[in-house]
Amino acid sequence: MWLRKRLDLGWSDLALGMLACLRPGGAGAAQAELESCWSSTGDALACLSVRSGFDLLFAALNLPRDSEVLISAITIPDMVRIIEDHGLVPVPIDLEVSQMAPQIELLRRAITPAARAIVVAHLFGGHILMEPILELARKHGLLVIEDCAQAFADQTYRGHPQADVSMFSFGPIKTATALGGGILRVRDAELLARMRSRQAEYPVQGRGAYLRRLLKYALLKAFSVRPVVKIVVGFCRVIHYDYDRMINGAVRGFAGPGFFRRIRQRPCPALLSLLKRRLRSYDLRRLERRTAHGELLAKLLGERVIRPGAKLAAHTHWVFPILVDDPDRVVQRLQRAGFDATQGQSLCVVPPPEGRRQLQAQAADDVLAKTVYLPMYPELPRRALQNMAAAVLEACGQRRVEVSLRPARVTTTSAARPAG
Ligand SMILES: *Cc1c(COP(=O)(O)O)cnc(C)c1O
């Protein structure tokens with residue numbers, strides 16, 4: 001079984017993280033070193049997570065009650081929750097599916113006098129075009145907040161130079177993870193200073209809690225070795241245990257009660273130093289290999305399989321989603337073929353504010369209802385990608401499918417027809 005995802009973290013990182021938990025010392029120096037490693041101009045702020053930084057940002061902005069925050073219609077539910085907790089109104093902007101970017105015309109129409117900020121997410125590992133958004137935002141005096149949590153691309157992208165805030169996440173399922181941590185770049189020095197002084201009042205994350213987290217993921221990593229996965233998945237099937245739910249639950253950060261109390265903490269020194277190590281020594285070949293895998297799989301699937309974000313520029317394929325009419329069936333077929341595809345449960349469609357049903361994001365609804373994520377990571381061999389492409393095409397209703405790597409074309413015995 002090819003698992004849906006691999007932890008992007010090595011055994012040596014885990015070991016060094018654990019050692020760092022045992023070392024005494026304060027967080028101040030580690031924090032400053034990490035921030036200057038991310039940006040040499042002093043505009044970076046290291047936080048416990050993107051959600052922590054996002055919450056801190058709104059606390060420091062202190063916008064008038066009921067101000068509107070325009071937001072890409074697909075994000076993680078906690079981002080919406082944070083906006084609402086600050087007495088603000090999230091206003092979804094529906095997406096253009098081939099780019100997974102807010103539709104500019106809808107964005108223009110959604111701007112009211114109460115609008116103060118726009119939050120745009122770069123989804124799935126690609127980068128959306130920021131210029132049209134920045135231009136519109138400038139005209140209306142909106143703050144532009146970039147959510148780059150899924151779009152880590154090492155040195156090549158540290159946020160758009162004109163965005164007001166750019167946020168990167170190093171949570172467990174993210175690229176170059178440190179099992180936590182978020183780095184924000186905040187252009188307005190005065191706003192940054194307010195965020196910094198507020199964060200200084202937060203308690204520091206317990207080193208014991210971080211150590212437990214490192215141990216938990218070491219265990220998950222050990223369990224993601226292929227023969228072990230086969231046994232675990234087989235066992236879950238026998239006892240009718242929902243293995244999909246189990247995985248999604250296990251990797252969700254800040255689940256359970258006390259959400260705001262838990263995000264309002266400072267990262268501990270061990271997390272800061274592991275994150276610094278990750279940024280300094282991240283093996284770029286991993287990103288390159290994943291990117292190449294994504295491109296190859298896209299080619300093998302061809303035009304018959306619809307991919308949200310297919311036209312995204314600079315795509316590193318953090319995940320590889322496809323749209324199908326019957327996701328349950330496709331997931332089952334792929335599972336049977338040895339690929340742990342999943343419908344995913346971490347993203348949501350932002351609901352429209354009360355009384356503005358016309359803002360219901362229909363394209364986003366459609367995407368989430370039809371998405372299946374295929375396994376995608378550097379460790380996949382090319383052979384597995386070929387087999388996966390064949391399995392996808394079969395599951396999508398093509399009969400006998402032959403997939404060859406060279407030429408990178410898909411040949412079928414039946415006439416080409418769209419997915420589903
Ligand atoms: C993961 C993610 C976040 C949250 O990042 P944390 O660092 O875990 O808080 C926010 N937005 C998007 C789009 C994400 O994928």
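The values are calculated or read from the model by the stated rules, or taken from the named source; none is laboratory data. It should be emphasised that the depicted structure is a prediction, and the values quoted were computed from it without experimental measurement. Because the Cβ atoms are built from the backbone with ideal geometry, glycine has one as well, and the counts that use them run over all protein chains shown. Each accessible area value is taken on the protein alone, full model and side chains, heavy atoms only, with ligands, DNA and RNA left out. Shrake-Rupley method; radii C 1.70, N 1.55, O 1.52, S 1.80 Å.
Worth a mention:
- Anisotropy class of the chain from Cα gyration tensor, a/c 1.5 cut: oblate
- Each peptide in 337-344, 204-211, 390-397 receives the mean, over its residues, of other Cβ atoms within 10 Å, and ordering these scores from highest gives 390-397, 337-344, 204-211.
- Rolling a 1.4 angstrom probe over region 11-199 with all protein chains present gives an accessible area of which 55% lies on carbon and sulfur atoms.
- LYS5 - accessible surface, heavy atoms, 1.4 Å probe, Å² rounded to 10: 50
- Residue (of LEU374, GLN265, ALA218) at the positive-pole extreme of the chain, dipole from beta-carbon charges: ALA218
- Probing with 1.4 Å while keeping every protein chain in the model, the per residue accessible area of region 11-199 equals 36 Å².
- Dipole of region 267-352 [Lys/Arg +1, Asp/Glu -1 at C-beta], most positive-end residue of LEU296, ALA313, TYR282: TYR282
- Packing, taken as the mean count of other beta carbons within 10 Å per residue, orders the peptides 172-178, 236-242 from highest to lowest as 172-178, 236-242.
- Modelled label reach - ALA200, point 7 Å along Cα→Cβ, region 166-190 residues with backbone N closer than 17 Å: 189-190
- In a reduced charge model with +1 at each Lys and Arg Cβ and -1 at each Asp and Glu Cβ, the chain shows a dipole moment near 1420 debye about its Cα centre.
- Positive minus negative residues near PRO308 (Lys, Arg vs Asp, Glu; Cβ under 11 Å): +1
- Per-residue HN-Hα couplings for region 8-24 [Karplus 6.51, -1.76, 1.60; θ = phi - 60°; Hz; x = Gly/Pro]: 8, 7, x, 4, 5, 4, 4, 5, 5, x, 5, 4, 4, 5, 8, 7, x
- Note on region 284-411: percent of Cα-Cα distances in each 10 Å bin, starting at 0 and stopping at the bin with the largest distance, equals 12, 41, 32, 11, 4, 0.
- For peptides 104-115, 290-301, 219-230, sequence by mean Cβ density within 10 Å, most packed first: 290-301, 104-115, 219-230
- Charged neighbours of CYS348, selected by a Cβ distance under 11 Å, balance to -1 (K, R count +1; D, E count -1).
- Contact order for the chain, expressed relative to its length and based on alpha carbon pairs under 8 Å spaced 6+ residues apart, stands at 24 percent.
- Mean Cα-pair separation over length for region 161-202, i.e. relative contact order, pairs under 8 Å, 6 or more apart, %: 32
- Surface composition of region 284-411: carbon plus sulfur atoms contribute 48% of the solvent-accessible area (1.4 Å probe, protein chains only, all chains present).
- Other residues lying with their Cβ under 13 Å from the Cβ of ARG116 contribute a combined charge of -2, Lys and Arg counting +1, Asp and Glu -1.
- Overall Cα dimensions of region 12-101, principal axis frame, Å, largest first: 46, 35, 27
- When both region 143-206 and region 79-119 are represented by their alpha-carbon centers, they are found 20 Å apart.
- Hits among lysines - C-alpha to C-alpha of LYS5 under 18 Å, sequence gap 8 or more where chains match: LYS174, LYS216, LYS221, LYS230
- Close amide-amide hydrogen proximity is noted between THR75 and CYS348, VAL350, each under 5 Å apart and 5 or more residues distant or on a separate chain (H modeled in the peptide plane; Pro and chain starts excluded).
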